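Structure record follows, encoded as structure tokens.
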Amino acid sequence: MKLSKKISENIGLLDNRIGISKSFDIVNREIKIGGRAASLLFIDGFAKDDIMLFIQKTLQCLRREDINSNIIEKLMTEKIAYLEVEVTDEIEQLEFMVLSGALAILIDKEDKAIILDVRTYPARGPEEPELEKVTRGSRDGFTETLVFNTALIRRRIRDPNLRFEITKVGTRSKTDVVIGYIKDIANPKLINDLKKKIDEIRTDALEMSEKTLEEFILGRNWNPLPQARYTERPDVTASHLLEGHIILIVDNSPSVMIVPVTMFHFTQHAQDYYQNPAVGTYFRWIRFIGIFFSLIIPPLWLLLVYYKGVVPDWLEFLGPKKTGEIPLLIQFIILEFGIDLLRIASIHTPNVLSTSLAIIGGLVLSEFAIKVGWFVPETVLYMAVAGLGMFATPSIEFSMAIRLFRLILLIATGLFKIYGFVIALIFIFIVFITTKSFGYIRYTWPLIPFNGKTLATILTRKPIPEVRERPSFLNPKNKEAAPPNEETPK
């Protein structure tokens, strides 16, 4: 819909559409510009006060002879000393820009409006992310303001081929979503597929920001394995861009989504690269062992207890002398739920009370539960080991998937012993090898299909100058590191 030349009609139409007279925070400041009626339309709280005062003072000081003709053009080119200025004659565009925080200048007898991007959003500083702390390295992290996040990445990658393409998702929220990639490194097919999927999204809003976006892009399924990686660290994002990955930044969220990824991306941490290669490799293997123990230790111990008579002599210490009143399987299930309950409680507990929660959960409950006969000490010990493995996993999403698989393995082992254990392991293996990331990339690559050279860079923290590989599903120019059956995602 086009703007009218009568300012009263334009204001009336906008009042019906966005509720100027109903919403207290939508400001319509009426002024005179060169003797003509004009309005400054903006959202209170978004506009920068000092810039607003400067612009208003400039406009109100103009005389009729200063703008006797071509008023819009003269204001744009001669009078308004501001960088981000544009003109529109569309009501819809004007409405969107005002609701986004821009300033609109409407002038009587003109069928165009001037838009000035004077917005500033409430924002916190770029602090180090709580979930991705490092002992050495940068201490900045993404915030909820999109332009701050792109600036943090640009600060690290000054490549002219770095692209940030913006689009809007949500018929009502019109949330800004940025697709980031390096033009001559990223796979063009994956970029185009991602853009197409985003364009096809039909929803009112991205209520949960990038998580809502992920479920639209990667599909609606019940597979617990995460198929996109999240990070709040600009240095991690920059390194993935340089490998050829694509990132998605959603306004109002401090997390960046990275696609495509494999399961090994969820086992790596920035800490590895801020340490000496030998130390980084050691910590990486400790993490691998912790993740494996988190999955296998409780059900494996339960299985060995069931077959205690046939285990080797050196494993005779396994198993409790007394099993207590509650079966071992039920003990493990109660402990699983108890750990999750403590995790949920810690989220809702203020920081000043977190120490008290740790004392109650870690000391009082476990000690007295053993004394009254609920649990035997061994079940508490092995669940504690599994819990440590969960917390050692860099990705929360991946650790929760491992936790669900462990519960399946426990229940199957407790009910069907060796047959349940083996069948559950086969089921978990099938889920891993059949899962595919964005672009139909194999989730287990480079282990399955096997690529020894790339797998070596995952299992060991090689010196950074030696890490030069970009798999072909990220960069089609590099055929050497290509997964043999994944070169052309379908």
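Let's see how each residue does on (1) among the hydrophobic types (A, V, I, L, M, F, W, C); (2) not in a helix (DSSP H, G or I):
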| residue | (1), (2) |
| --- | --- |
| I217 | yes, no |
| N221 | no, yes |
| I249 | yes, yes |
| N252 | no, yes |
- Message: Among the residues of region 153-187, what is the count of those that are outside any strand (DSSP E or B) and either touching a residue at least 12 places away in the same chain (Cβ under 8 Å) or acidic (D, E) (or both)?
- Response: 16
- Query: Checking K57 against (1) under 22 Å from D89 (Cα atoms); (2) charged (D, E, K, R); (3) in the same structural domain as V98 (by TED's automatic domain parsing), which single condition isn't satisfied?
  - Reply: (1)
- Task: Kindly check whether there is at least one residue in region 114-126 that is acidic (D, E) and either surrounded by 15 or more Cβ atoms within 10 Å (Cβ to Cβ) or closer than 30 Å to G35 by Cβ (or both).
- Result: yes
- Query: Quick one: what pairs do we get from region 443-461, first residue free of Cβ contacts under 8 Å to residues at least 12 places away in the same chain, second aliphatic (A, V, I, L, M) and buried (at least 17 other Cβ atoms within 10 Å of the Cβ), C-beta under 7 Å, 6+ apart or different chains?
  - Reply: L455/L447
- If we only count strands (runs of 3 or more DSSP E) wholly inside region 78-137, which ones have 3 or more residues that are farther than 19 Å from I26 by Cβ? 85-88
- Item | Condition check for T150: at pLDDT 90 or above and outside any strand (DSSP E or B) | yes
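Scan N70, N10 and give me the residue that is at pLDDT below 85 and either buried (at least 18 other Cβ atoms within 10 Å of the Cβ) or out of contact with any helix residue (DSSP H, G or I) (no Cβ under 7 Å at 6 or more places or on another chain) (or both).
N70
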- Task: Take the residues in region 74-108 that are of a type in the set (D, E) and within 43 Å of the chain's Cα centre (by Cα), then tell me which one is surrounded by the most Cβ atoms within 10 Å (Cβ to Cβ).
- Result: E95
- Name the pairs whose Cβ atoms lie under 6 Å apart, with the first residue in region 295-319 and more than 15 Å from A384 (Cα to Cα), the second among the charged types (D, E, K, R) and surrounded by 11 or more Cβ atoms within 10 Å (Cβ to Cβ), and 6 or more positions between them or separate chains? Y306/K417; G319/K308
- Examine region 21-28 for a residue that is free of Cβ contacts under 8 Å to residues at least 60 places away in the same chain, small (G, A, S) and touching a Ser or Thr at 6+ places or on another chain (Cβ under 8 Å), and state whether such a residue exists. no
- Query: If you take the residues of region 368-408 that are closer than 22 Å to M263 by Cβ and basic (K, R), which of them is farthest from the chain's Cα centre (by Cα)?
  - Reply: R406
- Only listed residue being modelled with pLDDT of 90 or more, assigned by TED's automatic domain parsing to the domain that holds V376, closer than 25 Å to F438 by Cβ and part of a helix (DSSP H, G or I), chosen from F292, F266, F288, F332: F288
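The values are calculated or read from the model by the stated rules, or taken from the named source; none is laboratory data. Bear in mind the structure is a predicted one, so any value in this text is a computation, not a measurement. Glycine gets a Cβ as well: all are built from the backbone with ideal geometry, and neighbour counts include every protein chain shown.
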